[in-house]
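Participant: One structure follows; several queries about it will come next.
The values are calculated or read from the model by the stated rules, or taken from the named source; none is laboratory data. This structure is a prediction, so every number in the text was calculated from the model and none was measured. Cβ placement follows ideal geometry from the backbone for every residue including glycine, while neighbour counts extend to all protein chains displayed.
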C-alpha cells in the first residue's frame, strides 16, 4: 500500500524511504503507524511538507540501525549454533516440504531433520512469485506449497531450532525470493534468520515471464540483503534442463552460472555464499550419460572452488518406476560425493507420482547417507584419463560456454534473452510482468541499506 500510494502519484523515483522519513518528521509517527494510516486511507504522505534532505535521513536512521542490528544478531546466533551444536557434513542433505499448511510443514520438517536432513526447503505455493506484494501472517492453505510470509518464516525457524538442539545439528532453513518481490522476501529472510534462499538472476525472466529489467534490478538489491545476512543463495540453472536438452545445452548452464556469479559479486556477495546450480538431467538412455554428468559436475567444482554448488536430482526422466528411480537417484548421489558438491537436493523415488510421503524422504536420505559414507574419498583416489571421455566432455562444454559468452558480450544480456539462448525460452526486454515498477532514480532518492550492507 505504501509503495502503491507513492507510485500512483508518479513519485516513486524519489524512493519510499524519502517519503517515510519525511512523514516521520511531519507526523511524529513510527513507520509501521504511517503504513497503517496509509492503508486505511487516513494519510497521504506525498502531500506533506517536504523537509531538508539531511533531516529526512536523520529521522529514518534509527529505524535502519535497529533493522541492521537485528540482522547482525541473527548472523551471530547462526554462528553460535554452528560453533556449539555443529552441522551435517557436505554435501548437505537438502529436502523439500510442501503441504500448503505451515503447521503441517513443521511436522514434516522436524521429521526430516530427525531422519538426517540438513536443509529444509519450504516450497512456495503455486503463483506466489507473480504476486507484487507479500501476504501477511501464518497461512494454512496453499497449492503445491506454502505461502512465503514473515510469520511462516518465524514459525519454521523456531521449529528447526528446536529440532536442531534435539538432534545436535544446526538445521538450515530455505525459502524462495524469486519473483516480483525478491528484495521484500530477502528482507523477511534476513529478519527471521533463513540460511538459504533461491535467488537466480534469470529464473523469473525465463520461467515466470517477469520483465528482464525488473528482475535484474531486484536481484541486485535482494542479493545485497542475502549477502549481508549470511544467506547462501541457490541459482536456478537446473530449470533450463527441464525445457532444453541436458546434453546439447550443457554449456548454457555454465554460462548462466558465470553470469550469476558476476552479478552476485557486483552485489558484494562472497563466493562462499553462491550456491550455483546444475542438475543430473540427461536422458538415462544416453550411452555414457553418467560419464558426461560426472564431467560436468567435476568441471563446475573446479571452476567455482569456493562455491557451495547446489546439485539438483533427476526429475525430467522419472517415470513412476520406483526401482529405476532409486537407481537414478543413486547415480546422482555417487557423482555428488565424487565431485564434492555442496547442497544435495535429494531425489525422491515417487517423483512423477505424487508429493513425497515422509517415508519417501527417509528412503532418499538413507540412499544418500549410504553412498556418501561408502564412497567418501573416491574423489581423492580416482583421476581422469588424459584424452578420455570425461576430460573431453568438460573441455567441450567449457569451450562452448566461452564462445557463447563472447557472443553475448557483443549483443548484451537482454538481446541474448530475446533470442532464447537460455532454456530455449525467448523474453523481450520490454515484455513480461512488473515493468511498471521500474523507475529512473531522482536526485532525492536514497537507500542507505545498500551502502551499509555492502560495506560490511
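Participant: Please state which one of 416, 401, 423 is modelled with pLDDT of 95 or more, in contact with a helix residue (DSSP H, G or I) (Cβ under 6 Å, 6 or more places away or on another chain), surrounded by 16 or more Cβ atoms within 10 Å (Cβ to Cβ) and not assigned by TED's automatic domain parsing to the domain that holds residue 67.
Facilitator: 401
Participant: Just for segment 352-372: of the residues that are within 24 Å of residue 295 (Cβ to Cβ) and out of contact with any strand residue (DSSP E or B) (no Cβ under 7 Å at 6 or more places or on another chain), which one is surrounded by the fewest Cβ atoms within 10 Å (Cβ to Cβ)?
Facilitator: Top of the filtered list is 372.
Yes or no, residue by residue, for (1) out of contact with any strand residue (DSSP E or B) (no Cβ under 6 Å at 6 or more places or on another chain); (2) surrounded by 12 or more Cβ atoms within 10 Å (Cβ to Cβ):
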position	(1), (2)
45	yes, yes
48	yes, yes
69	yes, no
72	yes, yes
79	yes, yes
85	yes, yes
92	no, yes
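Participant: Are there any helices (runs of 4 or more DSSP H) wholly within segment 358-456 with 1 or more residues that are in contact (Cβ under 8 Å) with a residue 60 or more places away in the chain and more than 30 Å from residue 334 (Cα to Cα), and if so which?
Facilitator: 389-411, 413-419, 448-454
Participant: From the list 252, 319, which residue is in contact with a helix residue (DSSP H, G or I) (Cβ under 9 Å, 6 or more places away or on another chain), more than 26 Å from residue 376 (Cα to Cα), touching a residue at least 24 places away in the same chain (Cβ under 8 Å) and not in a helix (DSSP H, G or I)?
Facilitator: Of the residues listed, the single one that is in contact with a helix residue (DSSP H, G or I) (Cβ under 9 Å, 6 or more places away or on another chain), more than 26 Å from residue 376 (Cα to Cα), touching a residue at least 24 places away in the same chain (Cβ under 8 Å) and not in a helix (DSSP H, G or I) is 319.
Participant: Any chance you could count how many residues in segment 15-36 are free of Cβ contacts under 8 Å to residues at least 24 places away in the same chain and surrounded by fewer than 17 Cβ atoms within 10 Å (Cβ to Cβ)?
Facilitator: Residues flagged as free of Cβ contacts under 8 Å to residues at least 24 places away in the same chain and surrounded by fewer than 17 Cβ atoms within 10 Å (Cβ to Cβ) within segment 15-36 amount to 6.
Participant: Take residue 262 and decide whether it is in the same structural domain as residue 186 (by TED's automatic domain parsing), assigned to a helix (DSSP H, G or I) and in contact (Cβ under 8 Å) with a residue 60 or more places away in the chain.
Facilitator: No.
Participant: Here are some residues: 148, 138, 186. Which one is within 30 Å of residue 424 (Cα to Cα), in contact with a helix residue (DSSP H, G or I) (Cβ under 9 Å, 6 or more places away or on another chain), part of a loop (DSSP other than H, G, I, E, B) and modelled with pLDDT of 95 or more?
Facilitator: So the residue among 148, 138, 186 that is within 30 Å of residue 424 (Cα to Cα), in contact with a helix residue (DSSP H, G or I) (Cβ under 9 Å, 6 or more places away or on another chain), part of a loop (DSSP other than H, G, I, E, B) and modelled with pLDDT of 95 or more is 148.
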